[in-house]
Structures are given as C-alpha cells and as structure tokens.
Amino acid sequence: FQLTQSAKTMINIIASTALVYLIQLLLPLFLKEDSGEKERASKALKNLGESLPVFFAVAILSVILGIEENTSLALYSLISRVLFAVLYTTGIGKKPAKEGTTYEPQAIRSLMWFISIILLIWMTVKLI
C-alpha cells in the first residue's frame, strides 16, 4: 500500500492536530488560577473538543478517498485553531464583559473560530 505525498502530509496534519489537543489539555494545569487565562484556556479546549471528532473523521476520509484538495484546507484549519486557542487564552483584543454577564467579546477570536468552521464545512463538502 503506497501513500501519496498528499496523504502523508494529511497524516502529519492529523497528528499535529492531536498534539495541539494534548497541549491544550495540559495547558490549564500550568496557568495561574486567578489570572483568567486558566478559565479561558479551559473554554478554548472545550471548544476544540466540540469540532475535533468531525475534523478527524473528515481528514481520515480524505486520506482514504484521496481528496488531495483537503490537505491544504486541513492545514489552514489547524492554523486557525492554534490562533483561536492563543487568542482565547491570552485574551488579546477582548472587551470587558457587560454587567451581569461573563461573556467577553473578542472579535478576532470569533473570526478565527468562524474561519475554522468554514474550512471544516468546505472539507466535508469536498467529500461529497
């Protein structure tokens, strides 16, 4: 069984995505309790966990079915997820929460999330 270069690259992206998940899983353990970063890191992890099964399924099916176009989309998806986690955890660009709520708007973080979801949908459509 011979893998194409695109399939090998996709497997590397899948492994890198798993590594990103494991890093995010451990990150809250190293953050100060009262900094706000620990809570935001945990929320970023939860968010990643919601889309991760779909990403893995679509990426693996792309290798099996030879959908080479999905390799670059998967890479962009991984990059957007890393940026999302960094932005969320650090709180870059966040606005103070409105009174009575804990939601802290962060336009750039929302954009990264939106891009990652669009890429995931695009990858899925390419399987059809």
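What accessible area per residue comes out for the chain, rounded to a whole number of Å², with a 1.4 Å probe? Write down the numbers at each step before the final one.
Working: 7980 Å² over 128 residues.
Value for the chain: 62 Å² per residue.
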Positive dipole terminus of the stretch 17-128, leading residue within Gly66, Trp122, Leu29 (C-beta point charges): Leu29
Taking Cα atoms, the helix 69-90 axis meets the longest principal axis of the chain at an angle in degrees (rounded to 10) of 10
What list of ³J(HN,Hα) values in whole Hz, one per residue of the stretch 32-37 in order, does the Karplus curve 6.51 cos²θ - 1.76 cosθ + 1.60 (θ = phi - 60°) give from phi, with Gly and Pro shown as x? 5, 4, 9, 7, x, 5
When the chain is treated as a GNM, springs tying every alpha-carbon pair under 10 Å, which of Glu50, Glu39, Glu99 comes out with the largest mean-square fluctuation? Glu99
Could you please state, rounded to a whole Å, how far the C-alpha centre of the stretch 31-45 is from the C-alpha centre of the stretch 52-108? 17
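I need the chymotrypsin sites (Phe, Trp or Tyr not before Pro) found in the stretch 27-127, filtered to DSSP loop residues with at most 14 other beta carbons within 10 Å of theirs.
Working: sites: Phe30, Phe55, Phe56, Tyr76, Phe84, Tyr88, Tyr103, Trp113, Phe114, Trp122; in loops: Tyr103.
Of the chymotrypsin sites (Phe, Trp or Tyr not before Pro), the ones in loops of the stretch 27-127 whose Cβ has at most 14 other Cβ atoms within 10 Å are Tyr103.
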Count of Lys pairs (Cα-Cα under 16 Å; at least 8 positions apart or interchain) in the chain: 4
Per DSSP H run of n ≥ 4, the term is -39500 (n - 2.57); total these for the chain, divide by its residue number, and report the mean residue ellipticity at 222 nm rounded to 500 deg cm²/dmol. -26000 deg cm²/dmol
Percentage relative contact order, the chain, counting C-alpha pairs under 8 Å, at least six apart: 28
In a Gaussian network model over the chain where Cα atoms closer than 10 Å are linked, find which of Pro96, Pro105, Pro28 has the largest mean-square fluctuation. Pro96
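Out of the total accessible area of the chain (probe 1.4 Å, heavy atoms of protein only), what percent is carbon and sulfur? Let's see the in-between values first.
Working: 5490 of 7980 Å².
Percent of accessible area from carbon and sulfur atoms in the chain: 69.
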Expected max-MSF residue from Ala18, Ala74, Ala85 in the GNM of the chain (alpha carbon, under 10 Å) is Ala18
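The values are calculated or read from the model by the stated rules, or taken from the named source; none is laboratory data. Quantities reported herein were computed from a predicted structural model and do not represent experimental measurements. Ideal geometry is used to build each Cβ from the backbone, glycine not excepted, and the neighbour counts take in all protein chains shown. Surface areas here come from the heavy atoms of the whole protein model, side chains and all, with no ligands, DNA or RNA. Shrake-Rupley method; radii C 1.70, N 1.55, O 1.52, S 1.80 Å.
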